[in-house]
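Trainee: Handing you this structure, nothing more for now.
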Amino acid sequence: MKRPAPLTWDDATVVCLPNGWRFTLPVPERVNAVWRQYQGRTIISAKHRADKAAAPRIFRHVAPLSGDVCVSIVWHRARKAGDVDGRVKSALDLLRGIAYADDAQVAKVTIQRYDDEREPARLVVDVWPMGRQAA
């Protein structure tokens, strides 16, 4: 069986939930691939720079939440490779300025991995204000 192509930014979506936002976005690079040290400088990968440019354009109508927020990430991966913690920082960084003004607002994060070779690889990220129930 042929695996479906991973989700792209053209397929990314956002849904307004009763208490926050649900983002469906392409799987970002693992954090170790995003930032590199080169001659004493921190270099951001070309893919992450492209993702950082695409996210605000795709999600331009989203109003950032204020105050502390909770984030739930479900990583739908198309093959059994990679670990969940390598994606968290990249995903939180992509949503800075979109779902929340600053990732310092993130007070709670949960992450789950779901293996499904029949669906495109993607992240589903719910963000809601701290102290409220997830939608």
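Trainee: Among the candidates 63, 107, 135, single out the residue that is modelled with pLDDT under 90 and either in a strand (DSSP E or B) or more than 27 Å from residue 3 (Cβ to Cβ) (or both). Before the answer, list the steps.
Mentor: Values: 63 fails: modelled with pLDDT under 90; 107 fails: modelled with pLDDT under 90.
Of the residues listed, the single one that is modelled with pLDDT under 90 and either in a strand (DSSP E or B) or more than 27 Å from residue 3 (Cβ to Cβ) (or both) is 135.
Trainee: Could you grab the pairs with beta carbons closer than 7 Å, sequence gap of 6+ or different chains, first residue in the stretch 49-60 and within 15 Å of residue 7 (Cα to Cα), second one part of a loop (DSSP other than H, G, I, E, B) and open to solvent by less than 60 Å² (accessible area, probe 1.4 Å)?
Mentor: Taking only residues 6 or more apart or on different chains, the pairs are 51/28; 55/98; 58/12.
Trainee: Within the stretch 66-102, count every residue that is assigned to a loop (DSSP other than H, G, I, E, B) and either open to solvent by less than 30 Å² (accessible area, probe 1.4 Å) or modelled with pLDDT under 90 (or both).
Mentor: First, the residues of the stretch 66-102 that are assigned to a loop (DSSP other than H, G, I, E, B): 66-68, 78-84, 97-99, 101-102.
Imposing the further condition that a residue be either open to solvent by less than 30 Å² (accessible area, probe 1.4 Å) or modelled with pLDDT under 90 (or both) reduces the set to 78-84, 98-99.
Residues meeting the conditions: 9.
Trainee: What do you reckon, is residue 49 open to solvent by 80 Å² or more (accessible area, probe 1.4 Å) and either under 28 Å from residue 131 (Cβ atoms) or over 12 Å from the mean Cα position of the chain (by Cα) (or both)?
Mentor: Working: open to solvent by 80 Å² or more (accessible area, probe 1.4 Å): yes; either under 28 Å from residue 131 (Cβ atoms) or over 12 Å from the mean Cα position of the chain (by Cα) (or both): yes.
Taking the combined requirement at face value, the residue satisfies it.
Trainee: Can you list residue pairs whose Cβ atoms sit under 6 Å apart, with the first residue in the stretch 94-109 being of a type in the set (S, T, N, Q) and the second being buried (at least 19 other Cβ atoms within 10 Å of the Cβ)? Count only pairs 6 or more apart in sequence or on different chains.
Mentor: 105/69
The values are calculated or read from the model by the stated rules, or taken from the named source; none is laboratory data. Only a predicted model underlies this, so the values are computations on that prediction, with no experimental measurement involved. Reconstructed Cβ throughout: ideal geometry from the backbone, glycine too, with neighbour counts over all protein chains shown. Heavy atoms of the whole protein, side chains included, go into the accessibility calculation; ligands, DNA and RNA do not. Shrake-Rupley method; radii C 1.70, N 1.55, O 1.52, S 1.80 Å.
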